[in-house]
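To start, the structure under review is shown below, and the notes come after it.
Since every read-out is calculated from the coordinates, none of them should be taken as a lab result. Worth saying up front: this structure is predicted, and the values here are computed from it rather than measured. Every residue, glycine among them, receives a Cβ derived from its backbone with ideal geometry; neighbour counts consider all protein chains shown.
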Amino acid sequence: MKNDISFGKTAGLLAMLSGPLALFSITLIFVAFNRDFETAFNPQRAIAFQPDPSATLRWGWILDIFGYYLPVVPAILALHTRFSSGAPLHSQLFTLCGLGYVITGATGAAMLAGATVPLYQAFAAGADADKAIAAQVFANLNNEVLSGIWNLLTMSLAAVWFFGTGWLLRPTHRGLSWLTTVLGIASLVDVLGYAFQSQALAGLGLNFYLFIAPLWAIWIGWILWKER
């Protein structure tokens, strides 16, 4: 029991710390392009942006790993322990989806963190043909991660996890339960937007998730931290 309490407090602390890191990672990505949102999401324009934003971008993606994803793992496991006695199979399913969300999301961010600086350097140093190749590779990488890994696979897993966790939280934390469920809806809206190629729909769900999920992490972290 003592070890469970200690783990829960650690999980809570990490979740609370992840919230500011996640928000700071988003800030860095937009600061890299001088708050030009259209360029940030247009790979062909992004790689030609001056001054070179790749170092700031790299740190944005690194903090993305340690904001939205890896520090949430202990909270996912702590919630599984809490709910496994009352709904063991449901808790196992939701925990599996939560861990899948973390692993696939962190993998996408790691790919961007590792490839961004070399591709910018290749674009800056190359002749016209080399610039075109670097720009195409950069565009392909962004499409694979953003449109494929993140906004289809990762957010599908996130939708199941948030919906399920919201349902399990309802008897004891009604306010947090509703926010968790709304995050599940936002994740699903993002997936549907990308599946049906509706940028407006995808943007609605994604933007809600990006700015509310860190606040959710702080809230759930506080609950885990203070529980006895």
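Whole Å is fine, so just give me how far the alpha carbon centre of the stretch 111-171 lies from that of the stretch 16-38.
The stretch 111-171 and the stretch 16-38 have Cα centres separated by 15 Å.
If all Cα-Cα distances of the stretch 76-131 are sorted into 5 Å bins from 0 onward, what percent lands in each bin, rounded to whole numbers?
Binned Cα distances yield the sequence 4, 18, 15, 11, 9, 8, 8, 7, 6, 6, 5, 3, 1.
What's the magnitude of the charge dipole for the chain around its Cα centre, counting Lys and Arg as +1 and Asp and Glu as -1 at the beta-carbon? Answer in Debye, nearest 20.
880
Using only DSSP helix segments of four residues or longer, with each worth -39500 (n - 2.57), what per-residue ellipticity at 222 nm results for the chain after dividing by its residue count and rounding to 500?
That comes out to -26500 deg cm²/dmol.
Helix 128-142 versus the longest principal axis of the chain: what is the Cα-based angle in degrees, 0 to 90, to the nearest 10?
10
Given 4 °C and 1.567 mPa s, how large is the Stokes-Einstein diffusion coefficient of the stretch 2-226 in µm²/s, with Rh as the Kirkwood radius over Cα pairs?
Numbers: Rh = 18.2 Å.
For these conditions, the coefficient is 71 µm²/s.
Return one number: the angle in degrees, 0 to 90 and rounded to the nearest 10, between the long axis of the Cα atoms of helix 199-226 and the longest principal axis of the Cα atoms of the chain.
So the helix axis and the longest Cα principal axis differ by about 40 degrees.
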